Amino acid sequence: MEIRQPKLWFPAGYGEQPLYEFTAQVGRVGQVADERKVKAGLRSIVLHRELDKWGRSFELVVNGIPVFAKGADVIPFDSFPNRVKTADYRRILESARDANMNMIRHWGGGYYETEEFYSICDELGIMVWQDFMFGNDWQPGTYAFKLNVEAEAEDQVRRLRNHPSIVLWSGNNETEAAFSWDRAPLCRRMCGS
């Protein structure tokens, strides 16, 4: 498919946030058997890493333009996701945008948010640094667990891939800091001894 002169999605403060609606239909003998509609924004994203005097740069480039990310960490709105309403998402995310934020980090110690949450981020131009759910603890290194992680990652990326707001996926939630901790209690807990 080709889109002539596409309107590109930009983060808040850098341009507009146009969203396209795509429709796919499967039919048989002139009848529509199934249909799926998806909204998506078109943009390019590059994480630019260059050696510098401090180590390596960490620069997001959206549609060829370096972006200064300004934002905050988002933790679950409620321990019971079904209690969170559209108005709750909208109030918090609009407040972030109105405070000149253009990015949030969705913390990896809770749960993956709903389509509605990410759709509002798309609409408002709020970029999302999306953690996988590995919040602040060591994860088992067993093969079965690794297969589970692979399935989870594939499922979530496939589910959320059309959201232009998601600009970065992270598999580490500050876990490397634990290397300096006393490992004996950790080993007893993880190893069962």
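The values are calculated or read from the model by the stated rules, or taken from the named source; none is laboratory data. Owing to the predicted nature of the structure, the values given are computational and were not obtained by experimental measurement. For neighbour counting, all protein chains shown are included, and Cβ atoms are generated from backbone atoms with ideal geometry for every residue, glycine included. The area values use the complete protein model at the heavy-atom level, side chains included, leaving out ligands, DNA and RNA. Shrake-Rupley method; radii C 1.70, N 1.55, O 1.52, S 1.80 Å.
Couple of notes before you dig in:
- Evaluation of G109 against (1) in contact with a strand residue (DSSP E or B) (Cβ under 6 Å, 6 or more places away or on another chain); (2) of a type outside the set (A, V, I, L, M, F, W, C); (3) in a helix (DSSP H, G or I) (one fails), failing number: (3)
- Annotation: of all residues in the range 140-173 being exposed (fewer than 14 other Cβ atoms within 10 Å of the Cβ) and part of a loop (DSSP other than H, G, I, E, B), the one that is modelled with the lowest pLDDT is N172.
- Among all residues of the range 68-75, there is none that is over 19 Å from Q130 (Cα atoms), out of contact with any Cys (no Cβ under 9 Å at 6 or more places or on another chain) and either at pLDDT 95 or above or assigned to a helix (DSSP H, G or I) (or both).
- Considering residues of the range 17-31 that are in contact with a strand residue (DSSP E or B) (Cβ under 8 Å, 6 or more places away or on another chain) and either part of a loop (DSSP other than H, G, I, E, B) or open to solvent by 90 Å² or more (accessible area, probe 1.4 Å) (or both) only, the residue nearest to S119 (Cα to Cα): L19
- Taking residues in the range 75-86 that are within 16 Å of Y118 (Cβ to Cβ) and open to solvent by 100 Å² or more (accessible area, probe 1.4 Å), and partners anywhere that are modelled with pLDDT of 95 or more and in a loop (DSSP other than H, G, I, E, B), not one pair has Cβ atoms closer than 7 Å while being at least 6 places apart or on different chains.
- Boolean, E116 is out of contact with any Phe, Trp or Tyr (no Cβ under 8 Å at 6 or more places or on another chain) and more than 14 Å from A12 (Cα to Cα): no
- Output for the range 93-139, where each listed residue is surrounded by fewer than 18 Cβ atoms within 10 Å (Cβ to Cβ) and among the β-branched types (V, I, T): T114
- Pairs linking a residue in the range 46-57 that is of a type in the set (G, A, S) to a residue that is surrounded by fewer than 11 Cβ atoms within 10 Å (Cβ to Cβ) and assigned to a loop (DSSP other than H, G, I, E, B), with Cβ atoms under 9 Å and 6 or more positions apart or on different chains, are S57/E50.
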